[in-house]
Amino acid sequence: MKPNFHPEGHPFGESKVSSNSKPITQLWHQNGRCPEGTIPVRRTKKDDILRTSSVQHFGKKKQSSFPQPKPAKPLPDIISQSGHQHAIVYVEGDKYYGAKATINVWDPKIQQPNEFSLSQMWILGGSFGQDLNSIEAGWQVSPDLYGDNNTRLFTYWTSDAYQATGCYNLLCSGFIQINSDIALGASISPLSKYSSSQYDISILVWKDPKEGNWWMQFGNDHVMGYWPAPLFSYLSDSASMIEWGGEVVNSESDGQHTSTQMGSGHFPEEGFGKASYFKNIQIVDGDNKLRAPKDLGTYTEQDSCYNVQTGSAGDWGNYFYYGGPGRNPNCP
């Protein structure tokens, strides 16, 4: 299948920021490509399964791993149970039919193999209780899931708040890939370096107004595939909240805050080339048009560990810097 409609609005910017950079590729391309009519699928090996806590949990996020900016009251319980920390920007209070962002790519350091660091968009519908619908896409470093510390493109979905449905990438049925060039779960290259070349990826997720399926596009040219409408309850109509930003697992293994980095591992104040960014963040409205989000909120559990700062400027549209080092003198 192909999408019936693309959102109207600005085409993607090029996937390069500094003049000496190359467009982002995936490392497996060095060994060849997939023929037309096929798709690349990352091989699941025995070791991948053995690293997980149980076969049932393989390829799944833990429950309570979503950032819930409101209500503020129950939040500490959720966070202390699951040990997930976020630095995000969000919009709510309208009907949303998609979201877009250009995301700076880095290789954050992970303290423990059972922790991860990711930067993504969340497209959310329903309540944060048992029935949350979520579509997610971005990049992640997850030693548990992949067996290494590479930065990888990923997607995720759930229709019941991460309980029984959904998974990463193509690790269960759900997302239907149509693209033969880009593999979900594959390593991204090149990566940004501190005070040096910066690289980013553009991701767009939108709902086809005709068929109702949720489509994903990577960069300018790669329509990746779709999540079929029947997977979801609330999202079969529209999303009620969009979030962009970073998430890490803080397992406090030695009784101290993790030193797992979010984004570049540097705080937003350091700015371009040092802190990680999302730029050109947009939503898709009911007329299938890309537009700037209104009334952006920000949220982080502990801004002394990871933080977020928003702004807006010409070419960058609505943007924010986010991230941090985790454990530091102000975040013991």
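The values are calculated or read from the model by the stated rules, or taken from the named source; none is laboratory data. Note that the structure is predicted; figures quoted are calculated from it, not measured. Cβ: placed from backbone, ideal geometry, glycine included. Neighbour counts: every protein chain shown. Quick note on the areas: whole protein, heavy atoms, side chains included, nothing else; ligands and nucleic acids left out. Shrake-Rupley method; radii C 1.70, N 1.55, O 1.52, S 1.80 Å.
Some points to look at:
- Residue match in segment 250-259 (condition: open to solvent by 20 Å² or more (accessible area, probe 1.4 Å), modelled with pLDDT of 95 or more and over 18 Å from the mean Cα position of the chain (by Cα)): yes
- When segment 35-49 is filtered for residues that are surrounded by 12 or more Cβ atoms within 10 Å (Cβ to Cβ) and either without any contact (Cβ under 8 Å) to a residue 60 or more places away in the chain or farther than 19 Å from N179 by Cβ (or both), the ones remaining, listed by number, are T44, D48, I49.
- Taking the conditions (1) within 24 Å of D144 (Cα to Cα); (2) open to solvent by less than 50 Å² (accessible area, probe 1.4 Å); (3) modelled with pLDDT under 95 in turn, Q68 satisfies each one other than (1).
- When residues in segment 228-240 are screened for being assigned to a strand (DSSP E or B) and surrounded by fewer than 24 Cβ atoms within 10 Å (Cβ to Cβ), 1 of them pass.
- For segment 300-320, a residue qualifies if it is aromatic (F, W, Y) and open to solvent by less than 30 Å² (accessible area, probe 1.4 Å), and the qualifying residues are Y306, F320.
- Qualifying residue in segment 130-140 (condition: within 15 Å of M241 (Cβ to Cβ), at pLDDT below 95 and open to solvent by less than 30 Å² (accessible area, probe 1.4 Å)): yes
- Taken as a whole, the structure leaves E14 outside the set of residues that are under 25 Å from G225 (Cα atoms), open to solvent by 60 Å² or more (accessible area, probe 1.4 Å) and either modelled with pLDDT of 85 or more or touching a helix residue (DSSP H, G or I) at 6+ places or on another chain (Cβ under 9 Å) (or both).
- Candidates are the residues of segment 141-165 that are within 18 Å of V249 (Cβ to Cβ), assigned to a loop (DSSP other than H, G, I, E, B) and of a type outside the set (A, V, I, L, M, F, W, C); the one that is most open to solvent (accessible area, probe 1.4 Å) is N149.
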